[in-house]
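As structure tokens, the structure follows; a few thoughts come after it.
The values are calculated or read from the model by the stated rules, or taken from the named source; none is laboratory data. In this text the structure is predicted, and so the values were computed from the model without any measurement. Cβ sites come from the backbone with ideal geometry, for glycine too, and all protein chains shown count toward neighbours. Quick note on the areas: whole protein, heavy atoms, side chains included, nothing else; ligands and nucleic acids left out. Shrake-Rupley method; radii C 1.70, N 1.55, O 1.52, S 1.80 Å.
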Amino acid sequence: IMADDVMAGAVVILSLFIKDPQFQSQTKSKLVTSDATRLVEAALREGDVIWFVLDPQVESARKLRDQYGLVIGHVGLVVVEEGRAHLVHAAVSGLSGWYEGGTVVKVPLTEYLARVERFAGVKVTRF
């Protein structure tokens with residue numbers, strides 16, 4: 001995926017700055033600031049596309065970057081239900097509890113983010 005693939009036709013790109021972020025551990029692998037969830041869910045809209053950027057400090061993500069030149073590790077669409085953002089995306093490999101391999105699934109975005117650690121951040125495009 002090239003930058004033009006992400007940017008073509010985009011109406012808006014969201015970037016949020018969180019003052020005094022709090023992380024789960026010293027490695028800063030997971031953001032646990034409660035305000036972050038509220039800010040992200042308030043900013044997202046139905047149909048937004050979320051691009052998950054690989055974190056080169058995580059071995060599995062670095063391998064994808066080094067071997068295949070990938071920068072984006074996953075992509076999904078936002079569906080908002082009762083004010084809560086969900087991620088609709090393809091699931092090939094399983095994370096226990098949610099996924100049935102080789103299907104398209106819908107999972108609350110905050111729960112998805114809490115279960116994956118190889119992403120450095122997300123980019124959101126709105127068309």
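Quick notes on this structure:
- Residue that is nearest to ARG118 (Cα to Cα) [pool: residues in segment 59-80 that are crowded, with 17+ Cβ neighbours inside 10 Å and touching an Asp or Glu at 6+ places or on another chain (Cβ under 6 Å)]: ALA61
- Among (1) on the phi < 0 side of the Ramachandran plot; (2) modelled with pLDDT under 65, the one test that GLY9 misses: (1)
- Residue within segment 17-38 that is loosely packed, with under 13 Cβ neighbours inside 10 Å, touching a Lys or Arg at 6+ places or on another chain (Cβ under 7 Å) and at pLDDT below 75 present: yes
- Some residue of segment 93-110 being in a helix (DSSP H, G or I) and either at pLDDT below 80 or open to solvent by 60 Å² or more (accessible area, probe 1.4 Å) (or both): yes
- So ARG45, is it open to solvent by 60 Å² or more (accessible area, probe 1.4 Å), closer than 18 Å to PHE127 by Cα and at pLDDT 75 or above: yes
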